[in-house]
Amino acid sequence: MTDTPAPAPNRNEPANRATLVVASIALAIVLFFCVNLLTSTLFRGQRVDLTEQRLYTVTDSTRGVLAGLTEPITLSFYASSNFLDVSPGARVLADQISELLGTYARLSNGMIRVERIDPTPFSVAEDRAVSYQLRGQLLNEAGERGYFGLVGTNGIDG
């Protein structure tokens, strides 16, 4: 029986594994950023509505109306921060409305301008809300009112 010498232990093996792991992680991070950069460039302006109730889907008829606008329209969304603070459900709704109005503005080819207004007590914005017949909701015993509503006007405030 011949004695064959046992192979010498490879002392570099743990170092090679550690280097391979670090290189793999670095490559994964670089790949992640490259994919994000590529998709944000290629799919700019594309949106997908993944909500169960299709909250952010605009129907074809709405797209037709928005594309057919012949004069500019300003949509003023009145949402008092003090009203949203006391009503968490209203804050969620206000965010959804803001998203939808932003979508309308994008689809209208510049014919819809959206402004979000926070009418604070005793301000010009509150006076405008009242002049558009938005009713303020009583928020406290001191008589402070909060406003939540949408006003649409054309070029001549019609």
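Observations, loosely collected:
- Matching option when the condition is farther than 18 Å from residue 152 by Cα and of a type in the set (D, E, K, R), among 91, 135, 116: 91
- Test: residue in the stretch 124-134 that is at pLDDT 80 or above and closer than 18 Å to residue 93 by Cα: yes
- Residues in the stretch 135-145 that are assigned to a strand (DSSP E or B) and at pLDDT 85 or above: none.
- Within the stretch 102-116, being more than 17 Å from residue 71 (Cα to Cα) and part of a helix (DSSP H, G or I) holds for 102, 103.
- The single condition from (1) among the acidic types (Asp, Glu); (2) loosely packed, with under 15 Cβ neighbours inside 10 Å; (3) assigned to a helix (DSSP H, G or I) that residue 126 fails is (2).
- Matching residues in the stretch 53-106 - criterion: being farther than 25 Å from residue 129 by Cα, open to solvent by 50 Å² or more (accessible area, probe 1.4 Å), hydrophobic (A, V, I, L, M, F, W, C) and in contact (Cβ under 8 Å) with a residue 24 or more places away in the chain: 55, 67
- Residues of the stretch 111-123 that are in contact (Cβ under 8 Å) with a residue 12 or more places away in the chain and surrounded by fewer than 12 Cβ atoms within 10 Å (Cβ to Cβ): 115 alone.
- In the stretch 66-80, the count of residues that are farther than 23 Å from residue 138 by Cα and part of a helix (DSSP H, G or I) is one or more.
- Subset tally (residues that are open to solvent by 90 Å² or more (accessible area, probe 1.4 Å), touching a Gly at 6+ places or on another chain (Cβ under 8 Å) and more than 13 Å from residue 79 (Cα to Cα)) for the stretch 129-158: 0
The values are calculated or read from the model by the stated rules, or taken from the named source; none is laboratory data. Because the structure is predicted, anything quoted here is derived from the model rather than measured. Here Cβ is always computed from backbone atoms with ideal geometry, including for glycine, and neighbour counts include all displayed protein chains. The protein model used for the area step is the full one, side chains on, heavy atoms only, and it has no ligands, DNA or RNA in it. Shrake-Rupley method; radii C 1.70, N 1.55, O 1.52, S 1.80 Å.
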